[in-house]
Amino acid sequence: MVLVAVIVWLVVVGACFIYALVCGLRTYRRVRAAQATIDGRIAVLQGEGLGTLNQRTAELNEKVARMQAALDRLEHARAGLDVLTDSVSGATAVLLALRRIARR
């Protein structure tokens, strides 16, 4: 009776082991195939992408330079506006003071 139980147990464990082994081998083959495909695509993208990356980097650098120039012009215009605002403020203060004096 014990011998039959041990044999059944070995058959069940062996069947489970073989099933797991077959599933693992299939998964291993799929992963290897997918990895080969991915490696091929990465090689192609690296070959094509490097030139594109350099071109886009140059374009980005040009845009950054144009934006910096525009920012400098904007700062200069703001400084001029500050001078104008200060002048108008001063003139308004003087005119209000003259108005108060004239009303008295």
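The values are calculated or read from the model by the stated rules, or taken from the named source; none is laboratory data. Keep in mind it's a predicted model, so treat the numbers as computed, not measured. Ideal geometry is used to build each Cβ from the backbone, glycine not excepted, and the neighbour counts take in all protein chains shown. Accessible surface is based on the protein model in full, side chains and every heavy atom, while ligands, DNA and RNA are left aside. Shrake-Rupley method; radii C 1.70, N 1.55, O 1.52, S 1.80 Å.
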ask   = Applying the selection to the range 8-56, what residues are β-branched (Val, Ile, Thr), modelled with pLDDT of 90 or more and open to solvent by less than 90 Å² (accessible area, probe 1.4 Å)?
value = VAL22, THR27, VAL31, THR37, ILE38
request  = Could you please let me know if ARG99 is in a helix (DSSP H, G or I), modelled with pLDDT of 85 or more, open to solvent by 100 Å² or more (accessible area, probe 1.4 Å) and of a type in the set (Lys, Arg)?
outcome  = no
query = Residues in the range 59-76: is at least one surrounded by 10 or more Cβ atoms within 10 Å (Cβ to Cβ), on the phi < 0 side of the Ramachandran plot, at pLDDT below 90 and not aromatic (Phe, Trp, Tyr)?
reply = no
